[in-house]
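Accompanying notes for the structure given below.
The values are calculated or read from the model by the stated rules, or taken from the named source; none is laboratory data. What you are looking at is a predicted structure, and each value in this text was computed from that prediction instead of being measured. Cβ coordinates were reconstructed from backbone atoms using ideal geometry, including for glycine residues, and neighbour counts include every protein chain displayed. Just so you know, the surface numbers come from the protein's heavy atoms only, side chains and all, with ligands and any DNA or RNA stripped out. Shrake-Rupley method; radii C 1.70, N 1.55, O 1.52, S 1.80 Å.
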Amino acid sequence: MGEYISSRCHFAKGTLSSPRGRAPLNGGYVVRDGTGLPSAFSHGQSAKSGHRQVDPARRTAAFFDVDETLITAKSMFEFLRYWLARNGDDGALFQRKADALRAMAGRGPREEGNRAYYSNFAGVPAAGLMEAGRDWYAAYRSGPEAFVAATVRALARHQAAGDRIALVSGGFAACLRPLADDFAVDLVLCSDPVIGAEGVLTGEIGTAMIGKAKAVAVARAIAEFDLSTADCWAYGDHSSDLGMLSSVGNPVVIGDDPVLRAYVRDHGGSALPATAGDRDGLRLSNA
């Protein structure tokens, strides 16, 4: 991984380490609007984000896992498929890479698979990935079953109440920035691929936003914004989201994961179905 030194990134009163002379694609887990967005970014730059205002008096936030919680797909795999096809793959290379990643996930911690995933983009210009991410999401969001209907409705209710909205994902800016734009998200906590001085990804990441890292990120964000833990919400679909869900007062399970279902049964919380819906139809139903 190379030599690491302390490099200060504003992330919930903490510091992150970056490889010497390099910077993470997302600017670290930056507690600010969007996914590693420039400081001047505002939701007004997104045609679909509207003019929602967070109520500064409310000490509440809703934290959403992304894959199979907000969207029905595994975004990292779908983006990899799209990226390889964009560069001439007929599907065979994607299948080999996806099989290797799934085999790795079956053998060891999900964090290792997350790190291995980003090695696929070593040497790729970050700007090109961001452009591809916008194109991928534009195509993805038009699908008739692209989103989890109950989660989209819950997110809209939180926004109407003035809660902060955060995405917490092992994905990265290329996939998450267009999603954050579309939903007028206030904060994204995600894995941080590293780019070198030439503006290309090194294949390394700082932290894999999986499992325990999600719980740490949520706790730091709660501290950063002086939120009430008991009044915050978290949504997740997989047992690896348990740490995040147990970090707040209102955990919500999406789907039927037995570990998460047992947790909310024993400790309190709720569950929502993972029924799919289309983005524009759900937008109209929330109007």
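Worth a mention:
- Checking each residue in the range 122-139 for being farther than 15 Å from GLU78 by Cα, of a type in the set (A, V, I, L, M, F, W, C) and either touching a strand residue (DSSP E or B) at 6+ places or on another chain (Cβ under 8 Å) or surrounded by 22 or more Cβ atoms within 10 Å (Cβ to Cβ) (or both) picks out ALA122, VAL124, ALA126.
- Among the criteria (1) at positive phi; (2) open to solvent by 70 Å² or more (accessible area, probe 1.4 Å), the one ARG58 does not fulfil is (1).
- Matching entry among ARG164, ARG110, ARG157 (being in contact with a strand residue (DSSP E or B) (Cβ under 8 Å, 6 or more places away or on another chain) and charged (D, E, K, R)): ARG164
- For VAL200, the conditions (1) more than 20 Å from ALA62 (Cα to Cα); (2) out of contact with any Asp or Glu (no Cβ under 9 Å at 6 or more places or on another chain); (3) open to solvent by less than 30 Å² (accessible area, probe 1.4 Å) all hold with the exception of (3).
- All positions within the range 75-120 that are hydrophobic (A, V, I, L, M, F, W, C) and under 21 Å from GLU131 (Cβ atoms): MET76, PHE77, PHE79, LEU80, TRP83, LEU84, ALA85, LEU93, PHE94
- Residue that is farthest from the chain's Cα centre (by Cα) [pool: residues in the range 107-121 that are open to solvent by less than 70 Å² (accessible area, probe 1.4 Å) and without any contact (Cβ under 8 Å) to a residue 40 or more places away in the chain]: GLY108
- Pick from the range 140-149, criterion part of a loop (DSSP other than H, G, I, E, B) and within 17 Å of the chain's Cα centre (by Cα), ranking: surrounded by the most Cβ atoms within 10 Å (Cβ to Cβ): ALA146
- Count of the range 68-91 residues, restricted to those that are open to solvent by less than 50 Å² (accessible area, probe 1.4 Å) and not polar (S, T, N, Q), is 11.
- Residue in the range 261-273 that is open to solvent by 50 Å² or more (accessible area, probe 1.4 Å) and at pLDDT below 95 present: no
- Some residue of the range 93-101 being surrounded by fewer than 17 Cβ atoms within 10 Å (Cβ to Cβ) and within 18 Å of the chain's Cα centre (by Cα): no
- Qualifying residue in the range 72-91 (condition: acidic (Asp, Glu) and farther than 14 Å from ALA174 by Cβ): yes
- Scanning the range 150-182 for residues that are open to solvent by 10 Å² or more (accessible area, probe 1.4 Å) and among the aliphatic types (A, V, I, L, M) yields ALA150, ALA156, ALA160, ALA161.
- Odd one out for ALA166, checked against (1) part of a loop (DSSP other than H, G, I, E, B); (2) within 30 Å of ALA57 (Cα to Cα): (1)
- For the residues MET209, MET244, the requirement of being at pLDDT 95 or above and under 16 Å from the mean Cα position of the chain (by Cα) singles out MET244.
- In the range 256-281, the residues that are under 24 Å from ALA230 (Cα atoms) form no Cβ pair under 6 Å with any partner that is in a loop (DSSP other than H, G, I, E, B) and hydrophobic (A, V, I, L, M, F, W, C), whether six or more places apart or across chains.
- Listed conditions (1) open to solvent by 50 Å² or more (accessible area, probe 1.4 Å); (2) closer than 23 Å to GLU111 by Cα are all met by ALA223, apart from (2).
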